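Q: Got a structure for you, written out below as structure tokens; questions coming shortly.
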Amino acid sequence: MKTVSIVVSAYNEEGNIEKLYEELTKEIDKISKVDFEILFVNDGSSDKTFLKIQKLLERDKRLKMVNLKRNFGHEIAMTAGMDYAKGDAVIFMDADLQHPPLYIPQMVDAWLEGAEIVLTKRVDNMATSWLYKLCAKTFYFILNLLSETKIGESMPDFRLIDRKYVDFLKGFNEQDRLFRGLLSWIMPNDKVKVIDFVAPNRFSGVSKYNFFKSLKLAIDSITQFSVRPLHLATWFGFAGAACSIFLGLWVIFEHFVQHNPTPGYATIVSVVGFVGAVQLITLGIIGEYIGKIHIEVKKRPLYLADLIEGKDDKNEK
Ligand code: UDP
Ligand code: MG
């Protein structure tokens, strides 16, 4: 029988682990066509998440925990889960019940019917305000304008990926990684199914993404998948140079032809300021990329983890 691995990333989710386990097992116990393996990735939580998962391991043989030695971030936590997953397909989900287990039977059915990637699309998100939604829309618009790899809006990390594509994803070695983008990079034209869902509020705890983390994610998403900002820097440079030349010609024209010399200060200040700004922007963008090269060339391991399994068969469910 085929096996489906479910990878759940958890960072300080002590209030959600048991509830998620209950909801999850309620759904997967209904499915007899495949076996399941559940991998909880504890992403260096500082609360009781580890203990909560450990307690569950004693109850259910299908459960495993990938315990990261410190907090590596959501993207790395998903990568670690994917690396340890043995299933013929892998389902990724959050631990806070914003990715309702209710949809798992549909995802598995779609896979068994031939879909190789089953994505979910958030048709509504009860947890976010209109301002957040507006910011997200603007972000995806700019991202897709700047990036060569198109990244879908409202496509959360709740998805099923067939083993074939999991192996492709494992071929990406970059440190700085965004699953959404990597997946979009390998996305086939067919055998993709999208399931709509409504994201409920988080069951317990607070979001781990504050404004600065979200902004970093936004900048990373652009620089990881696109060199267009580099082109933009060049165009800024050209535009700045063109403006300066035009201004210079105008000053010469006013002085020698119109005999109406313009006072020098304003022009000098604006030209120097403008050129300086262009240089700074350009340097900043180049810096972003050099920073990425700096990180990538080190080829450090992505994470450090232990695999913890239930002890013996007598606990078998
Ligand atoms: N998460 C993680 N490591 C982190 C931050 C978050 O594994 O450093 C997990 C978190 O426990 C949750 C999922 O990633 O299961 C999504 O995080 P969160 O719910 O905070 O994000 P939001 O839904 O608010 O975008
Ligand atoms: Mg969440």
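The values are calculated or read from the model by the stated rules, or taken from the named source; none is laboratory data. Just so it is clear, the model here is predicted, and its values are computed rather than measured. Cβ sites come from the backbone with ideal geometry, for glycine too, and all protein chains shown count toward neighbours. Note: areas computed on protein heavy atoms with side chains; ligands, DNA, RNA excluded. Shrake-Rupley method; radii C 1.70, N 1.55, O 1.52, S 1.80 Å.
Q: For the stretch 55-67, just list the computed ³J(HN,Hα) in residue order, Karplus coefficients 6.51, -1.76 and 1.60, θ = phi - 60°, integers in Hz, with x standing in for Gly and Pro.
A: 5, 5, 4, 6, 8, 9, 5, 6, 8, 9, 10, 9, 9
Q: Another one. Which order do you get for ILE295, ILE6 if you rank them by accessible area with a 1.4 Å probe, largest at the top?
A: Final ranking, largest accessible area leading: ILE295, ILE6.
Q: Could you calculate the contour length gain from TRP250 to GLU153, that is, 0.36 nm times the residue separation minus the distance between their Cα atoms, to one decimal place in nm?
A: 30.3 nm
Q: Any idea of ARG228's accessible area? Nearest 10 Å², probe 1.4 Å.
A: Looks like 90 Å² after rounding.
Q: Helix 130-146: angle to the longest alpha-carbon principal axis of the chain, degrees 0 to 90, nearest 10?
A: The angle comes out at about 70 degrees.
Q: Still on this structure, please answer the following. Take the alpha-carbon positions of the stretch 196-244, form their convex hull, and give its projected area averaged over all directions (one quarter of the hull surface) in nm².
A: Projected area, direction-averaged: 6.4 nm².
Q: Same structure again: Return the calculated 222 nm mean residue ellipticity for the chain, to the nearest 500 deg cm²/dmol, obtained by summing -39500 (n - 2.57) across DSSP H runs with n ≥ 4 and dividing by the residue count.
A: The helix-only estimate for the chain comes to -15000 deg cm²/dmol at 222 nm.
Q: Over the stretch 68-193, give the accessible area per residue in Å² for a 1.4 Å probe, as an integer.
A: Accessible surface, normalised per residue, equals 45 Å².
Q: Also, I was wondering about something else. Separation between the ALA136 and ILE31 pseudo-spin-labels, each 7 Å from Cα along Cα→Cβ, expressed in nm?
A: In this crude label model, ALA136 to ILE31 measures out at 2.4 nm.
Q: Counting only protein heavy atoms, what percent of the accessible surface of the chain is carbon or sulfur at a 1.4 Å probe?
A: Reported share for carbon and sulfur atoms: 62 percent.
Q: What's the angle, to the nearest 10 degrees (0 to 90), between helix 264-296's Cα axis and the longest principal axis of the chain?
A: That works out to roughly 30 degrees.
Q: Further question: Using only the alpha-carbon atoms, how far is helix 211-225 inclined from the longest principal axis of the chain? Give it as 0 to 90 degrees, nearest 10.
A: 80
Q: With r as the distance between the Cβ atoms of SER270 and LYS208 and R0 = 41 Å, compute the FRET efficiency 1/(1 + (r/R0)^6) and round to 0.05.
A: Efficiency at R0 = 41 Å is approximately 0.40.
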